1. How large, in percent, is the carbon and sulfur part of the accessible surface of the chain at a probe radius of 1.4 Å?
2. If I stretch the segment between Ala75 and Leu43 completely, what's the gain in nm (0.36 nm per residue apart, minus their alpha carbon distance), one decimal?
3. How are the Cα pair distances of segment 131-216 distributed, in percent, across 5 Å bins from 0?
4. Quick one, which of (1) 31, 19, 16; (2) 40, 21, 17; (3) 24, 23, 22 is the actual semi-axes √(5λ) of the Cα gyration tensor in Å calculated for this model?
5. Skip the ligands, DNA and RNA, and give the accessible area per residue of segment 88-216 with a 1.4 Å probe, whole Å².
6. For Ser157, what residues show an amide H to amide H distance below 5 Å, using hydrogens built from the backbone and excluding near sequence neighbours?
7. Could you tell me which of the pairs Lys65/Lys103; Lys65/Lys203; Lys28/Lys66 are separated by over 21 angstrom between their Cα atoms in the structure shown?
8. Under 20 Å from the 7 Å Cα→Cβ point of His108, by amide nitrogen: which residues of segment 1-40?
Amino acid sequence: MTTPSLNLSADEVLTTTRSVRKRLDLEKPVPREILNECLEIALQAPTGSNQQGWQFMFVDDPDKKKALADIYRIAATPYLDADKPSHGDMRDEQRPRVTSSAKYLNEHLHEVPVMMIPCISGRGDNLPSGLSAGFWGSLLPAAWSFMLALRSRGLGSAWTTLHMVGDGEKQAAEVLSIPYESYSQGGLFPIAYTKGTDFRPAKRLPAAELTHWNSW
């Protein structure tokens, strides 16, 4: 199955791929063939020393989705209910909307058609900064490319990591028979078609405030 693209330019895909939560269509099935298409694209991403030590776990079994959602909520619920420090800029204005969206996903996570957990060979715990950058840099570009490929086909996702807090990653590994001592998880991605495809660029801090040349 080849899924028609939305005919978006590269810049449009890059600037309108959002963390989608409330606009995930929880009722529409997602064919495995489409996810395979997206993954084939994602596997073109860079990976350190061409190791390609990644593995991708897709989950559509209802009981396993519920188990993962329960693990996620152990950390997500108190985190989302806690007060957050002020930034003193537009991010404070955006926070209520972001929090509401995240709470919606927390409540409905088990209902998404498919979940995906990207994994990388080895354990990333307590690595020095240089090795840590290379370790995660061998997985995260592929995960982001996967999200971009979803967007171009009318699907959406959200990059979440709260299921890995505390013993959560190990518990998720047990649910899915992931060899915990041999592979690290890089996130938990809910996947669904989106309700509409009219996503826009997000409000971000100006690049000029984040740019340095030759000295900080």
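The values are calculated or read from the model by the stated rules, or taken from the named source; none is laboratory data. Quantities reported herein were computed from a predicted structural model and do not represent experimental measurements. Neighbour counts are summed over all protein chains in view; Cβ atoms, including those assigned to glycine, are modelled from backbone coordinates with ideal geometry. For the accessible areas, the whole protein counts, side chains as well, though only heavy atoms, and no ligand, DNA or RNA atoms are used. Shrake-Rupley method; radii C 1.70, N 1.55, O 1.52, S 1.80 Å.
1. 52
2. 8.5 nm
3. Values per bin, smallest distances first: 3, 11, 14, 16, 18, 16, 11, 8, 4, 0.
4. Here the calculated entry is (3).
5. Computed with neighbouring chains in place, this is 52 Å² per residue.
6. For Ser157, the qualifying residues are Val20.
7. In this structure, Lys65/Lys203 lie more than 21 Å apart at Cα.
8. Under 20 Å, as judged by backbone N against the label point of His108, lie 17-31 of segment 1-40.
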